[in-house]
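S.K.: Below you will find the structure I want to go over with you.
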Amino acid sequence: MTGIRKILTVSALIIIAALPWKPASAQIDFVENKGQWNDKIQYKADMSAGAFFLEENSFSILMHNPEEMQLMHDLEHGHPNKKTDPSAKYTLHSFFYRVNFLGAAKGLKPVPEKPLPTYNNYFLGNDRSKWKGNCRIFQAVTYQNLYPNIDLRYYNDGDNMKYDLIIHPGGNISQIALRYDGPTELLVRNKELI
């Protein structure tokens with residue numbers, strides 16, 4: 001099939017079925033890092049109970065218990081409910097894991113796609129040198145040639161974060177290897193990683 005682009009889609013929902021994992025807004029957006037976060041982070045997507053981080057040759061997920069997150073939010077903003085005692089100490093249970101693309105190319109520059117007309121500003125604290133403004137927002141990010149003739153594209157699909165590995169002619173899918181750091185077990189349900 002010369003001239004025809006072959007695409008192998010390996011989609012994985014970046015959610016845990018046991019937790020209600022919804023985006024913080026109506027869609028998942030990727031905010032560029034201009035120094036407001038750790039240098040390893042290239043883009044960040046906020047979720048209602050956590051965050052999704054794009055890094056060189058990997059992505060990371062931070063998840064908080066949604067009920068505990070809501071409780072913390074209510075207490076922080078002075079809206080305690082019947083179940084809360086504003087003077088009590090509370091614990092926020094969280095989980096973090098990273099997915100590494102083993103043997104992937106080094107030094108790739110992400111290609112942001114579908115820019116939004118808005119931007120974020122991060123003016124936290126009194127040190128103006130740490131303030132970052134005009135941080136652009138995108139709906140998708142692609143890493144071209146993560147492996148030879150294989151691209152990696154992150155995007156949203158409704159309420160779910162997904163990624164596709166796009167195999168171009170000459171790409172060898174046997175080069176793709178993922179290592180999960182953090183989870184104690186991996187489960188697949190209905191052909192989706194949970």
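The values are calculated or read from the model by the stated rules, or taken from the named source; none is laboratory data. Model, not experiment: these values are computed from the prediction. We place every Cβ from the backbone using ideal geometry, glycine too, and count neighbours over all the protein chains shown. Just so you know, the surface numbers come from the protein's heavy atoms only, side chains and all, with ligands and any DNA or RNA stripped out. Shrake-Rupley method; radii C 1.70, N 1.55, O 1.52, S 1.80 Å.
S.K.: Need the failing condition index for Gly133 against (1) under 20 Å from the mean Cα position of the chain (by Cα); (2) under 19 Å from Tyr43 (Cβ atoms); (3) among the small types (Gly, Ala, Ser), just the number.
M.R.: Checking Gly133 against (1) under 20 Å from the mean Cα position of the chain (by Cα); (2) under 19 Å from Tyr43 (Cβ atoms); (3) among the small types (Gly, Ala, Ser), the one that fails is (1).
S.K.: Of the residues Tyr143, Tyr147, Tyr163, only one is open to solvent by less than 50 Å² (accessible area, probe 1.4 Å) and touching a Lys or Arg at 6+ places or on another chain (Cβ under 7 Å); which?
M.R.: On the way: Tyr143 fails: touching a Lys or Arg at 6+ places or on another chain (Cβ under 7 Å); Tyr147 fails: touching a Lys or Arg at 6+ places or on another chain (Cβ under 7 Å).
Within the list Tyr143, Tyr147, Tyr163, the selection yields Tyr163.
S.K.: Here's another thing I want to ask about it. Determine whether the stretch 7-29 contains at least one residue that is outside any loop (DSSP other than H, G, I, E, B), among the charged types (D, E, K, R), at pLDDT 50 or above and under 14 Å from the mean Cα position of the chain (by Cα).
M.R.: Within the stretch 7-29 (the criterion being outside any loop (DSSP other than H, G, I, E, B), among the charged types (D, E, K, R), at pLDDT 50 or above and under 14 Å from the mean Cα position of the chain (by Cα)), the answer is no, since none of the residues qualifies.
S.K.: Of everything in the stretch 31-63, what is under 16 Å from Lys132 (Cα atoms), touching a residue at least 24 places away in the same chain (Cβ under 8 Å) and not hydroxyl-bearing (Ser, Thr, Tyr)? Give them in sequence order.
M.R.: The first filter runs over the stretch 31-63 and keeps only residues under 16 Å from Lys132 (Cα atoms), leaving 31-39, 41-44.
Now narrow it down to the ones that are touching a residue at least 24 places away in the same chain (Cβ under 8 Å): 31-36, 42-43.
The answer is Val31, Glu32, Asn33, Lys34, Gly35, Gln36, Gln42.
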